[in-house]
Amino acid sequence: MKKSTVVLLIIGIILLIIPFCLSEYSLARIIILALGIFLITLSFVFLKRKNIFLIIILPIILICLSYAVDTFLFYQLSRIPIFVYERKSSDTISTYNSFFYRIFNCNGDLILDYGYHKNYVCNNNDLNTIDVNTFLSDINNTIKSYHNKFVKISGKISKISGSEVIELSSYTTSTNSLNGYVNFNNDYIIKVHVNESLSNYRIYDNITVIGRVTTKKEENDQIVINLIDTVLIPSDIYQTFTYEIINDNDNKMVSLVSEQNYYLYGIKSLNIKYANSAIYELSYLITDSRITLDDIIGQTSAYNIYNADNVLVAKNYELEKFNVLVCENTKKILANKNLALNSNLCEQ
């Protein structure tokens, strides 16, 4: 074997080993590894007795062996592999994508996703929130900036398709904003492919989604961006609420939700306010089973109301802005605080 051939072989072996000694992600590691495999193969080319089959199969063997060692070092030492390509979603979140697996780097914590089956697994707060109107304002630049990266988008649900997809669109507010209503621009939409139940979500709901941006395509004259590997984050504005009430100081009782025996007594309108941009009619929320009598009453204690025969007819709950009369016959009366309540109301 010629001296030059030996030198090439030694240099190739050294270059083959060096990338495994480096722990940080860098494209230079895969370049050095490829150069080492090339030099080792080249040294066999210069042999007097060339084995064409060996020259062809040797790089494949070295690549497979390197890939196996690379994977082993990740499993045993949590070393960032060589055979990966990094996509940074934020300063603390990135993914390392390989042939059969990817690795989530969650602020230094490495999580294996073999077969690309996992949804986003890092802390939700490690991604900055982008408003849907901003995200869709320049769709070409959005794809260029975020392709194959995880993003966190806040907006309103514009459509729910079956049990697997929700859509977000840019929107403008309306003079009639009751029940979360806005005007959607459906020329540009985000399709969020989900693996969780959508039973608690409705159109116009505020929501935050985390997902990986994949494709942009045209569907039915709409430009669509697809998000996969998603996580849905219900808006925290729905955790607390206040009441917006307009009283009517008369003895009129009107039906609020007839199917569930809710009535207004001396009240012209009663809305639930979660936020300035999220005001809902109480009748809408009750009908949609999004609020219950227990939610309205809360921890308020009741006092009993009896008829002339000393039979319990109703329980009265005195809230801050109105009273709630819960009759034994299942009638529920939301009443003006200025009006007297008695057992006769349950029979009207």
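The values are calculated or read from the model by the stated rules, or taken from the named source; none is laboratory data. Everything quoted here is computed from the prediction, not taken from an experiment. Note: ideal-geometry Cβ built from the backbone for every residue, glycine included; neighbour counts use all protein chains shown. We work out accessible area using only protein heavy atoms, side chains counted, and drop any ligands, DNA or RNA first. Shrake-Rupley method; radii C 1.70, N 1.55, O 1.52, S 1.80 Å.
Odds and ends about this structure:
- Only strands (runs of 3 or more DSSP E) whose full extent lies in the stretch 224-305 are considered here, and the ones with at least 2 residues that are closer than 23 Å to THR208 by Cβ are 267-275, 278-281.
- If the condition is being out of contact with any Asp or Glu (no Cβ under 9 Å at 6 or more places or on another chain) and charged (D, E, K, R), then the stretch 116-137 contributes only ASP131.
- Those residues of the stretch 186-220 which are without any contact (Cβ under 8 Å) to a residue 24 or more places away in the chain and either of a type in the set (Val, Ile, Thr) or in contact with a strand residue (DSSP E or B) (Cβ under 8 Å, 6 or more places away or on another chain) (or both), in sequence order: THR215, LYS217, GLU218
- Matching entry among PHE38, PHE46 (being aromatic (Phe, Trp, Tyr), more than 26 Å from PHE104 (Cα to Cα), open to solvent by 50 Å² or more (accessible area, probe 1.4 Å) and without any contact (Cβ under 8 Å) to a residue 40 or more places away in the chain): PHE38
- In the stretch 178-218, residue least open to solvent (accessible area, probe 1.4 Å) [restricted to those that are in contact with a Gly (Cβ under 7 Å, 6 or more places away or on another chain) and not in a strand (DSSP E or B)]: ASP205
- Check on ALA275, more than 39 Å from the chain's Cα centre (by Cα) and either under 30 Å from ILE207 (Cβ atoms) or open to solvent by less than 30 Å² (accessible area, probe 1.4 Å) (or both): no
- Restricting LEU110, LEU65 to residues that are open to solvent by 80 Å² or more (accessible area, probe 1.4 Å) and either touching a Pro at 6+ places or on another chain (Cβ under 7 Å) or of a type in the set (A, V, I, L, M) (or both) narrows the list to LEU65.
- Scanning the stretch 1-35 for residues that are closer than 23 Å to LEU73 by Cβ and not in a helix (DSSP H, G or I), we see that the one that is most open to solvent (accessible area, probe 1.4 Å) is GLU24.
- Checklist (1) of a type in the set (S, T, N, Q); (2) open to solvent by less than 30 Å² (accessible area, probe 1.4 Å); (3) assigned to a loop (DSSP other than H, G, I, E, B) applied to THR95, failing item: (3)
- Considering the stretch 338-348, the residues that are within 20 Å of SER258 (Cβ to Cβ) and in contact with a Cys (Cβ under 9 Å, 6 or more places away or on another chain) include one that is most open to solvent (accessible area, probe 1.4 Å), namely GLU347.
- Candidates ALA314, ALA335: the one that is open to solvent by less than 70 Å² (accessible area, probe 1.4 Å), part of a strand (DSSP E or B), in contact (Cβ under 8 Å) with a residue 40 or more places away in the chain and over 20 Å from LEU178 (Cα atoms) is ALA335.
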